[in-house]
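Here the structure comes first, spelled out in structure tokens, and everything after it is commentary.
The values are calculated or read from the model by the stated rules, or taken from the named source; none is laboratory data. Quick caveat, the model's predicted, so the values are computed rather than measured. Note that each Cβ is placed from the backbone with ideal geometry, even for glycine, and that neighbours are counted across all protein chains shown. For the accessible areas, the whole protein counts, side chains as well, though only heavy atoms, and no ligand, DNA or RNA atoms are used. Shrake-Rupley method; radii C 1.70, N 1.55, O 1.52, S 1.80 Å.
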Amino acid sequence: MATGRHLEIGVLSGRRVVDRHLVEMDGSILCGAESVAGNCFEALLRGAPSPEIHLEAVDVSSVPQPDRQRGSVWARGRVELVTRPLPVPMRSMLGLTCVEPVLRFRPESVTVREGMYGQTAPVPIDIGVYRDECEDRLAGWEGAWLTHLDAGHADAVRWLAATRMTLRPEARVHPLLVDEEGVVLRVYQDGTITDLRLGFPWPALCGCSAVAAFDALLVELRA
């Protein structure tokens, strides 16, 4: 939800793309009021309760490749007007000044479709588990590093994939994701897609730790 590059919110008959959003500690979503269909917002201003709102967030890799999708989240819930003033940095991240209204979407049910390892079936997530989940420590950093990895270290990426499967000369390999636990590579070969996870020697809790863990992984596999 935090790293989703495409997010839509609204009712079944019409949803709008959310240009910018923030995720609060309990998993609620903050966005500008213009992101929700006008009738819903006008009803909120009149004090009417929110109808059931649908939200979809799609997480895609920052690395250009034939299939960039890493997963999707579908949520149903209600929206409310944010009445307390938001800190300036938060409003700035939402692309707002000090006057525009802000809405909070509170998920009541969440379903996840894992877009990796060939797993495409939607899986319901307990709402309590969702609200208690913490954002991965590398979220917000990993996108730029992945593009650097793909552009500057393609040989190392391909070599890592070759330690797990036989690659044909025409096979294409791109980094798809990096998180605290390791890196995921996506292999395009013989008309199929294979995702490979290579675990780090230790949990990477920051960008510097992730780079060091990636280097250590190369050394470990070459030993």
**Asked** How big is the C-alpha Rg of the range 40-156 next to the rule-of-thumb value 2.2 N^0.38 Å, as a ratio?
**Response** 1.35
**Request:** Provide the per-residue ³J(HN,Hα) series for the range 128-133, in order, calculated from phi with Karplus coefficients 6.51, -1.76, 1.60 and θ = phi - 60°, each as a whole number of Hz, with x at glycine and proline positions.
**Result:** x, 5, 4, 5, 8, 5
**Request:** Obtain the nm distance between the two label points defined at Val129 and Arg172 by a simple spin-label model: each point lies 7 Å from its Cα along the Cα-to-C-beta direction.
**Result:** 3.4 nm
**Request:** With 5 Å bins from zero, work out the P(r) of the chain over every alpha carbon pair and list the percent per bin.
**Result:** 1, 6, 13, 16, 16, 14, 11, 9, 6, 4, 2, 1, 0, 0
**Message:** Are there DSSP H segments in the chain that both extend 18 Å or more along their axis (alpha-carbon positions) and score a mean Kyte-Doolittle hydropathy of at least 0.0? List them, or say none.
**Reply:** 207-222
**Request:** Could you look at the chain and say what percent of its accessible area is carbon and sulfur, using a 1.4 Å probe and all protein chains?
**Result:** 55 percent
**Request:** Could you work out the mean projected area of the convex hull around the alpha carbons of the range 101-200, in square nanometres to one decimal?
**Result:** 9.0 nm²
**Request:** Name the residue farthest towards the positive end of the dipole of the chain from the options Pro107, Val123, Ser92, assuming +1 on Cβ of Lys and Arg, -1 on Cβ of Asp and Glu, about the Cα centre.
**Result:** Ser92
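Once you have the Kirkwood Rh of the range 13-52 from its Cα pairs, apply Stokes-Einstein at 20 °C and 1.002 mPa s and quote D in µm²/s.
189 µm²/s
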